[in-house]
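**Student:** Encoded as structure tokens, here's the structure I'll be asking about.
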Amino acid sequence: MADPRPTGEHIVHSFDDELKALTVTLMQMGGMAETQLASAIDAVAKRDGRLAEKVIEADQQVDDLDQQVDTLVTRLFALRQPMAVDLRVVLTGLRMSGDIERIGDYAKNVAKRAIVLSQHPPLPTVYGVVRMATLVRQRFKEVLDAYAERDVDKAVSVWQRDAEVDELYNSLFREVLTYMMEDPRTITVGTHLLFIAKNLERIGDLATNIAEYIHFMVEGARIEHERPKGDETSLVKAPDEDIATANGGNDEP
């Protein structure tokens, strides 16, 4: 295995300090996004609009850390001209930062929908959403640990299990659609649950992206095999009402 340490014996020790600062900032950013995701799902499960509002307000903190990473990376490229492993570490940091920022955005989007859901009677499928969120959060935590430990095996393990999230999403998608087709009064709640589930599926994809970045950073090569996927929702017929209208046709935050 290639030496993944970003802090080899550099002549300029401040270079090591800057690479360490990049890692620390990314871990702080990842931990904050993970907390945001957990709080957003708690807001859904507990129908807690105030908690959801706190998640929305705290999103700026993740964005601020993303800007810090961008500044660190710009400085490293401008002053250090990193090469070999160091270059891969810097590139990985830049890519990870963007994906973690997106995870924070998805958590914020879940929180926004939690506010709406708190004002309507719940559907039993909300517990399926919570189960899916728990799995996605665990994958995200594992990949952050893999980055901190420079553990490529742990990263690949997350990558290999991406289809599990897709399978949960497929099952939940069909279950929610069934409720919506059988009782039109559930369409509003069902629509928001579907978008939450899609946000969670995308977070799972982003965690898998990060796993690929870690493999590249440590090994200097991409994962050779095709990413395992299992999202079949595009093949499922939706109810007559266009559920996309609830979000302007966009499942993005």
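**Student:** Which pairs have Cβ atoms under 6 Å, sit 6 or more apart or on different chains, and link a residue in region 191-208 that is over 15 Å from VAL130 (Cα atoms) to one that is modelled with pLDDT under 95?
**Tutor:** Listed by first residue and then by second, the contacts come to THR191/ILE243; THR191/ALA246; THR208/TRP159; THR208/ASP162.
**Student:** Here is a list of conditions, (1) modelled with pLDDT of 70 or more; (2) farther than 25 Å from PRO121 by Cβ, and ASN199 meets all of them except one; can you say which number that is?
**Tutor:** Exception for ASN199: condition (2).
**Student:** Within region 169-188, is there a residue that is within 30 Å of GLN68 (Cα to Cα), touching a residue at least 60 places away in the same chain (Cβ under 8 Å) and touching a Pro at 6+ places or on another chain (Cβ under 8 Å)?
**Tutor:** Quick first cut of region 169-188, residues within 30 Å of GLN68 (Cα to Cα) only: none.
No, because not a single residue in region 169-188 is within 30 Å of GLN68 (Cα to Cα), touching a residue at least 60 places away in the same chain (Cβ under 8 Å) and touching a Pro at 6+ places or on another chain (Cβ under 8 Å).
**Student:** Could you grab me the full set of residues in region 1-51 that are modelled with pLDDT of 80 or more and of a type in the set (Val, Ile, Thr)?
**Tutor:** THR23, VAL24, THR25, THR35, ILE41, VAL44
**Student:** Out of the helices (runs of 4 or more DSSP H) lying entirely within region 101-200, which hold 3 or more residues that are under 12 Å from the mean Cα position of the chain (by Cα) and crowded, with 23+ Cβ neighbours inside 10 Å?
**Tutor:** Working: elements: 126-149, 152-160, 162-182.
Filter on region 101-200 gives 126-149.
**Student:** Still on this structure, I have one more. Filter region 18-50 down to residues that are free of Cβ contacts under 8 Å to residues at least 60 places away in the same chain and more than 22 Å from ARG95 (Cβ to Cβ) and give me whichever is nearest to the chain's Cα centre (by Cα).
**Tutor:** The selected residue is ASP42.
**Student:** Give region 110-133 a look and list any residue that's charged (D, E, K, R), in contact with a Leu (Cβ under 9 Å, 6 or more places away or on another chain) and modelled with pLDDT of 95 or more, or say none. Quick ask: steps written out before the conclusion?
**Tutor:** Step one: filter region 110-133 for residues charged (D, E, K, R), giving 112-113, 131.
Keeping just the survivors that are in contact with a Leu (Cβ under 9 Å, 6 or more places away or on another chain) gives 113, 131.
Residue satisfying the conditions is ARG113 alone.
**Student:** Please go through region 54-100 and pick out each residue that is among the hydroxyl-bearing types (Ser, Thr, Tyr) and surrounded by 22 or more Cβ atoms within 10 Å (Cβ to Cβ). Steps first, answer last, please.
**Tutor:** First pass over region 54-100, keeping only residues among the hydroxyl-bearing types (Ser, Thr, Tyr): 71, 74, 92, 97.
Within region 54-100, THR92, SER97 qualify.
The values are calculated or read from the model by the stated rules, or taken from the named source; none is laboratory data. The structure presented is a predicted model; accordingly, all values stated were derived computationally and were not measured. Here the Cβ is made from the backbone with ideal geometry for all residues, glycine too, and neighbour counts use every protein chain on show.
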